[in-house]
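The next block holds one structure in the form of structure tokens; read it before the comments.
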Amino acid sequence: MARSKNYFHRFRSTSAGGGASVPATASSGITATGGTTFQPGNGYKYHFFTSSGSLVVTAVTGPGSIDYLLVGGGGAGGNYPSGNSGGGGGAGGFVSDSSTLTAQTYPITIGEGGAANSNHGSHTTFNSITAYGGGGGSPSYTSPGRPGASGGGGGGAGPTTGGVGNRIVPGNTDIPAPLQPQGNPGGTGGPTNNSGRSGGGGGAGGAGGNANASGNSGDGGDGLPAFNGDDGIPTDYGTPGPSPGRWFAGGGAGGGYPSAAINTEPGGIGGGGSSLTGVPLNGVDGTGGGGGGGQGGAGDGGDGIVIIRYPT
């Protein structure tokens, strides 16, 4: 199934773009510790958090400006025990912008990926900002994918609907203003003439794929690159993508049918779990990727991440 090409981005920093060049803005004047730090010589210092902790800002002698990326925990894939297949899990919410810090301690909570079967991911928080968890994929052909920052995919033998994106989970409450949309909906389950195939989970950059009449389940919706394709982020974080930089928050693929190894699809770019044979079903930890849907087994969602960068 062709991938969604909706590579929109919500990053609104006033700092320079990619990390290959020295930023045009002056030093933020920040002295801080916390997480794993990295200075690649591109004019930025980075802090990476893949587990909960704190950013401790001990001094600010300049404007104190930062760029941040928060990704929530990915939703788990749905697991239909036999016959049909479960939907892919939705990616965790992708929230990126600029802010100003002062000398204080900023607690950070990293959202955990949902555990199979069909559980939503949990939220990532920093400085009163929340990236919501992704929705779980449908575990059956009688229930839709679950809502979340990105919605989980619908189960097979449908069509069953995908989960709604940009919703707090559990429940269907709208994400409150002024937060920007954080994800996309999941795909629908198989049409009646090809029942059993399942929809993919939504990603930060596009909706999950629909199961189709050609017999394929839906692929996971693609994620987005951090900081508009900042190539200063090391390969320890995120995944490669179709453009420069490291990608996060891809949705999980719908499960295969009529067996776990047939009519399968890849996960979304940015850590989404696959349903392809020999490829991990789990979303990648540290990306917020959704888990792949399954038949007799499904993938967990990937844990989220927080990345903070500022000019030095």
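Values as computed for the structure displayed
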item	result
Single residue of the range 277-307 satisfying the filter (in contact with a Phe, Trp or Tyr (Cβ under 9 Å, 6 or more places away or on another chain) and modelled with pLDDT under 95) that is nearest to V95 (Cα to Cα)	G293
Answer residue from the range 65-91, given it is of a type outside the set (S, T, Y) and surrounded by fewer than 18 Cβ atoms within 10 Å (Cβ to Cβ) and is modelled with the lowest pLDDT among those	G83
Top-ranked residue of the range 111-142 - restricted to ones that are among the hydroxyl-bearing types (S, T, Y) and within 12 Å of G186 (Cβ to Cβ), ranked as surrounded by the most Cβ atoms within 10 Å (Cβ to Cβ)	S138
Exclusive hit being in contact with a Pro (Cβ under 8 Å, 6 or more places away or on another chain) and either free of Cβ contacts under 8 Å to residues at least 12 places away in the same chain or in a loop (DSSP other than H, G, I, E, B) (or both), set S85, S138, S143, S122	S138
Qualifying residue in the range 239-258 (condition: closer than 25 Å to R146 by Cα, assigned to a loop (DSSP other than H, G, I, E, B) and open to solvent by 40 Å² or more (accessible area, probe 1.4 Å))	yes
Test: residue in the range 303-311 that is in contact (Cβ under 8 Å) with a residue 12 or more places away in the chain, within 20 Å of G208 (Cβ to Cβ), crowded, with 24+ Cβ neighbours inside 10 Å and hydroxyl-bearing (S, T, Y)	no
Condition broken by G297, with the remaining ones in (1) in contact with a helix residue (DSSP H, G or I) (Cβ under 7 Å, 6 or more places away or on another chain); (2) open to solvent by 10 Å² or more (accessible area, probe 1.4 Å) satisfied	(1)
Matching residues, the range 96-122, being among the β-branched types (V, I, T) and either under 16 Å from Y310 (Cβ atoms) or at pLDDT below 95 (or both)	T100, T102, I108
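Residue-wise test of (1) farther than 30 Å from S65 by Cβ; (2) surrounded by fewer than 24 Cβ atoms within 10 Å (Cβ to Cβ).
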residue: E265; (1), (2): yes, no
residue: G268; (1), (2): yes, no
residue: V279; (1), (2): yes, yes
residue: N282; (1), (2): yes, no
residue: D285; (1), (2): no, yes
residue: G301; (1), (2): yes, no
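The values are calculated or read from the model by the stated rules, or taken from the named source; none is laboratory data. Small disclaimer: the values here were computed from a predicted structure and weren't measured. Every residue, glycine as well, gets a Cβ built from its backbone with ideal geometry; the counts of neighbours run over all protein chains shown. Accessible surface areas use protein heavy atoms only, side chains included; no ligands, DNA or RNA. Shrake-Rupley method; radii C 1.70, N 1.55, O 1.52, S 1.80 Å.
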